1. Across 10 Å bins from 0, what is the distribution of all Cα-Cα pair distances for the range 1-54, in whole percents?
2. Give the lysines reachable from Lys93 as a straight Cα distance under 16 Å; neighbours fewer than 8 places away on the same chain don't count.
3. In the range 68-107, what percent of the accessible surface is made up of carbon and sulfur (1.4 Å probe, ligands and nucleic acids excluded)?
4. At 0.36 nm per residue, and after removing the present C-alpha to C-alpha distance, how many nm does the segment from Thr36 to Arg54 gain when stretched out fully?
5. What does the highest-first list of 56-63, 103-110 look like by mean Cβ count within 10 Å?
Amino acid sequence: GLIPQAGFTDVTSAHVDCIKYYGITKGTTATTYSPTASVTRWQMALFLTRMATRTGVTLPDGSDQGFTDIAGESAEIRTAINQIKQLGVTVGKTATTFAPDDNVTREEMALFIERWLETAAAGPGGTSNDDAAVALVAASATHVNNPRGPSPRAVTWTRPHDHHHLATYRRRAAAQAA
């Protein structure tokens, strides 16, 4: 069947509807998605762990991984950050800091997705060990706004991601892992 509209008043996008339907996003409020807002590292951790759950990745327990800068975050956020560390999706900004309030850069997003895809039970081509396919998916996700296809000039690695673009990336990655 068709995925119902997400109910956000600030965006109409099938991509956003999809990730809301599957519980990957909850929006920035009950009625807003904030499609042009930047995505923080803690938000990305939540998106990745929620997507992992929906695609059959078994999440670790989320026990403390030594990040000293996440103590003020909610239990859900701390658990998600620790889980992506346990999965090898992140190494942190340093051995003891995650920088949860920093924006996700395009490079970090590509690394997070590539590493996450390596944890998926079945990735592109039907295997999670197909490194070339995983790299291709991560690279193609960074070029989603280029109608002419991948181009080195199309990537701005230091530009923080907005919510709409990440919805498209996550939807593509989840479809590849399904």
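The values are calculated or read from the model by the stated rules, or taken from the named source; none is laboratory data. This one's a predicted model, so the numbers in the text were calculated from it and none came from an experiment. FYI the Cβ positions are ideal-geometry reconstructions off the backbone, even for glycines, and counts take in every protein chain you see. For accessibility, only protein heavy atoms count, side chains too; no ligands or nucleic acids. Shrake-Rupley method; radii C 1.70, N 1.55, O 1.52, S 1.80 Å.
1. With a bin width of 10 Å, the distribution comes to 25, 55, 19, 1.
2. Lys85
3. Exposed carbon and sulfur together represent 49 percent of the surface.
4. Once the chain is fully extended between Thr36 and Arg54, it gains 4.0 nm.
5. Order by mean packing, descending: 103-110, 56-63.
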